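The values are calculated or read from the model by the stated rules, or taken from the named source; none is laboratory data. Because the structure is predicted, anything quoted here is derived from the model rather than measured. Cβ atoms come from the backbone with ideal geometry, glycine included; neighbour counts cover every protein chain shown. Keep in mind that these areas ignore ligands, DNA and RNA; they rest on the heavy atoms of the full protein, side chains included. Shrake-Rupley method; radii C 1.70, N 1.55, O 1.52, S 1.80 Å.
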Amino acid sequence: MPYPRRRQPTRYGHAERIISTQGHQNAEADAPASTEPEATAAPEEDVQDELAPETADDTTKKRRIGVLLSVALLAYLLDLGSKLLVVAQLEHKDPIRLVGDWVQFAVIRNPGAAFGMGQAMTIVFTLIAATVIVVIIRLSRRLYSLPWAVALGLLLGGAFGNLTDRIMRSPGLFRGEVVDFISVKHFAVFNLADSAIVCGGILVVLLSFLGTNPDGSVQRDK
């Protein structure tokens, strides 16, 4: 019985095999990449979740510092503007009565502290005002409480207002006399910077009494 003849590969059949192999490789290369998330995606999300609270805290801190600076700037400008006005219009003139003899506008130059106290210690009060400003700036680094921002802003604006007088007005640098013009009978003569300092101080005492800290935490008695 004759054996069947084996078919010899032709050059055309060899070319077909080469083309088929290349087509298969090209199909694998053109296949779309897997859309499944990589294994490292989960840790990145965890890192973002951990950083999110810190970002929120930074935003709150910046807003509180913005409130502090806004209140301080407002208090300072009101004090500065009122002093420039009364010096130009009322100094060396008769007082202006607002409520009879009880409340008047009467300009005086005060070398002492608020409400005319300590007139022989001008330089000392200048240094105290500068120290208060430095302390408030340091406290602002951990400021997250809105009431504390308002209180410190009032203190900062008032301190800057009177410190400007100490530096810029006669008789000289750090010895300048503060302009006071709000006269209350049987009480004192003061200015808007003094009022801001007193209001800020009262608010600080109240917040401390309530146990509220500048960083927003609350101390509770055990």
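Numbers at a glance
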{"item": "Residue list for region 169-202, restricted to those being in contact with a Leu (Cβ under 7 Å, 6 or more places away or on another chain) and among the aliphatic types (A, V, I, L, M)", "result": "L192, A196, I197"}
{"item": "Pair list, Cβ under 9 Å, 6 or more apart: region 56-69 residue touching a residue at least 24 places away in the same chain (Cβ under 8 Å) and more than 13 Å from G153 (Cα to Cα), other residue open to solvent by less than 60 Å² (accessible area, probe 1.4 Å) and assigned to a helix (DSSP H, G or I)", "result": "K61/S140"}
{"item": "Exclusive hit being of a type outside the set (V, I, T) and open to solvent by 20 Å² or more (accessible area, probe 1.4 Å), set L98, L156", "result": "L98"}
{"item": "Extreme residue, modelled with the highest pLDDT, among residues of region 170-209 that are in a loop (DSSP other than H, G, I, E, B) and under 24 Å from I137 (Cβ atoms)", "result": "N191"}
{"item": "Pairs where the first residue, in region 197-222, is closer than 18 Å to A75 by Cβ and the second is in a loop (DSSP other than H, G, I, E, B) and at pLDDT below 90, C-beta under 8 Å, 6+ apart", "result": "none"}
{"item": "Top-ranked residue in region 159-193 [being small (G, A, S) and farther than 14 Å from Q104 by Cβ; ranked as most open to solvent (accessible area, probe 1.4 Å)]", "result": "S170"}
